[in-house]
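A.B. asks: This structure is in structure tokens; I'll ask about it shortly.
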Amino acid sequence: AAKGPRRRQHKKSNDLPHPNKLPGIFDDVHAADGRQVCRRHELYVSFQDLGWLDWVIAPQGYSAYYCEGECAFPLDSCMNATNHAILQSLVHLMKPEAVPKACCAPTKLSATSVLYYDSNNNVILKKHRNMVVKSCGCH
Amino acid sequence: SGSVVRRRLHAAGFLQRRLSGGERRDVQREILAVLGLPGRPRPRNPPSARGPAAAAPLFMLDLYHAVAGEEEAEEEEEEAAVSRPVLTGLSTQSPPPGSVVSRADTVVSLVNVGELREHRRERGPYWKEFRFDLTQVPAGESVTAAEFRIYKARGVSGHSNSSLHISVYEIAAEHYNRESDLFLLDVQDLHAGTEGWLVFDVTAASNHWLVDQKYNLGLRLYVETADGHSVDPGSVGLLGRRGPRSKQPFMVTFFRASPGPARIPR
């Protein structure tokens, strides 16, 4: 199920907010011209909705997230842009027809584990790598 | 093909397309493939028909929470540079997780599919045998550790003050007219009054699983007193398939994916 962006409570801390916690991880941060900048959005994969809870023991689902938004010039620091993406967005500015903007895609993925019964009633715990988007960026 | 695609507004204001039956099956098959499953497992008895949880699922649920907790700790550690929380001891009821948990890609707990007890015919030693079906060994992964777990309750025989010597063998080969070929895997010496889960390292047995495609593993357990007398394993409190479900013996095997393409191209 894809949910609309929701405001997340930032923990009170004296340190500088972590780049991922800058406005934009969940909030609707827009570029100067109102378009939404590249960032992570919530996406929950529900094993319950898939009707799998007769063999999946845990979890009932997991937050996978996805990346979406504009990689338009100037690429702010919170967009995790590669040097190449910065150059590409410059060239796009000059030749929009010839060169596209950089893509908003995951820059860091993490694993998720699933505990389930197999057909012989053995119980299996499997770690699946690269299943959860931890951060997005312009590539 | 003219199939009516009904769109409806999802609560969050996004259009949601209703999938056709075929599309739903494709979606499930695709997610199962990502999860590395050839198809949708069909456990023999659905959750509602299962009695109280057996030992293996209880152990594996503890393992799952330990691993999930570690994954979250890694995330928090990266976000806020917080020190990694130490895995605290788990309830004495369930056995502690294996030591190679966090590096494993797959952990398989195998239920004991068969059990045999030797009755002393010609003054031979007592023993107890356990059978495991290894057909679910994940392809393309190598074994990093394998443990045989058996619960020891307080014994009924008169050995309560002595110490016991317990040894576990792999049944390497069985013969019709003579004793099986045995391969020693692990031994433990403990006080007869000990109670709780005993963990035997049977990793050495895994050498044959993948090479010889030997998928029927037999383990044989012997118990002796300090002065070498053979003792019936049941009489000193070692529980088998007739014990309570939460204390029945099982095996746990830890696998690590061998380096190769992250996902087999299709």
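Coordinate-derived values only; no laboratory data. Since the structure is predicted, the reported quantities are computational estimates derived from the model, not experimental observations. Note: ideal-geometry Cβ built from the backbone for every residue, glycine included; neighbour counts use all protein chains shown.
A.B. asks: Among B:T135, B:T144, which comes first, then next, by fewest other beta-carbon atoms within 10 Å? Present the calculation step by step, with values, prior to reporting the outcome.
C.D. replies: Values: B:T135 11, B:T144 18.
Lowest to highest Cβ neighbour count: B:T135, B:T144.
A.B. asks: Relative contact order, percent, of the range A:39-139 when contacts are C-alpha pairs under 8 Å separated by at least 6 residues?
C.D. replies: 31 percent
A.B. asks: Taking the beta-carbon count within 10 Å as an exposure proxy, list B:Y64, A:Y66 from fewest neighbours to most. Mind dumping the intermediate values first?
C.D. replies: On the way: B:Y64 22, A:Y66 14.
Placing the least packed residue first, the sequence is A:Y66, B:Y64.
A.B. asks: Using a 7 Å offset from the Cα along the Cα-to-Cβ direction at both B:S162 and A:A64, what is the distance between the two label points in nm, to one decimal?
C.D. replies: Output for this residue pair reads 6.1 nm.
A.B. asks: Still on this model: Note down the nm distance, to one decimal, between modelled labels 7 Å out along Cα→Cβ at B:R42 and at A:F73.
C.D. replies: Those two pseudo-labels are separated by 6.0 nm.
A.B. asks: Using label points projected 7 Å from each Cα along Cα→Cβ, tell me how many nm separate B:V34 and B:D189, to one decimal.
C.D. replies: Calculated label separation equals 5.5 nm.
A.B. asks: Could I ask something else about it? Using the Cβ atoms and a cut-off under 11 Å, what net charge is assigned to the surroundings of A:T107, where Lys and Arg are +1 and Asp and Glu are -1?
C.D. replies: +3
A.B. asks: Net charge near A:W52: determine it from the other residues with C-beta under 15 Å of the C-beta of A:W52, scoring Lys and Arg +1 and Asp and Glu -1.
C.D. replies: Charge balance in the 15 Å sphere: +2.
A.B. asks: Now for a different question. Calculate the FRET efficiency for A:K108 and B:R18 from the Cβ-Cβ distance with a Förster distance of 30 Å, rounded to the nearest 0.05.
C.D. replies: Working: r = 34 Å, r/R0 = 1.12.
Approximately 0.35, to the nearest 0.05.
A.B. asks: Rank-order A:96-104, A:79-87, B:55-63 by packing density, defined as the average count of other C-beta atoms within 10 Å over each peptide's residues, highest first.
C.D. replies: Result, highest mean first: B:55-63, A:79-87, A:96-104.
A.B. asks: By the scheme Lys and Arg +1, Asp and Glu -1, what is the net charge of all other residues having a beta-carbon under 11 Å from that of B:Q188?
C.D. replies: After counting each charged neighbour, the total is -2.
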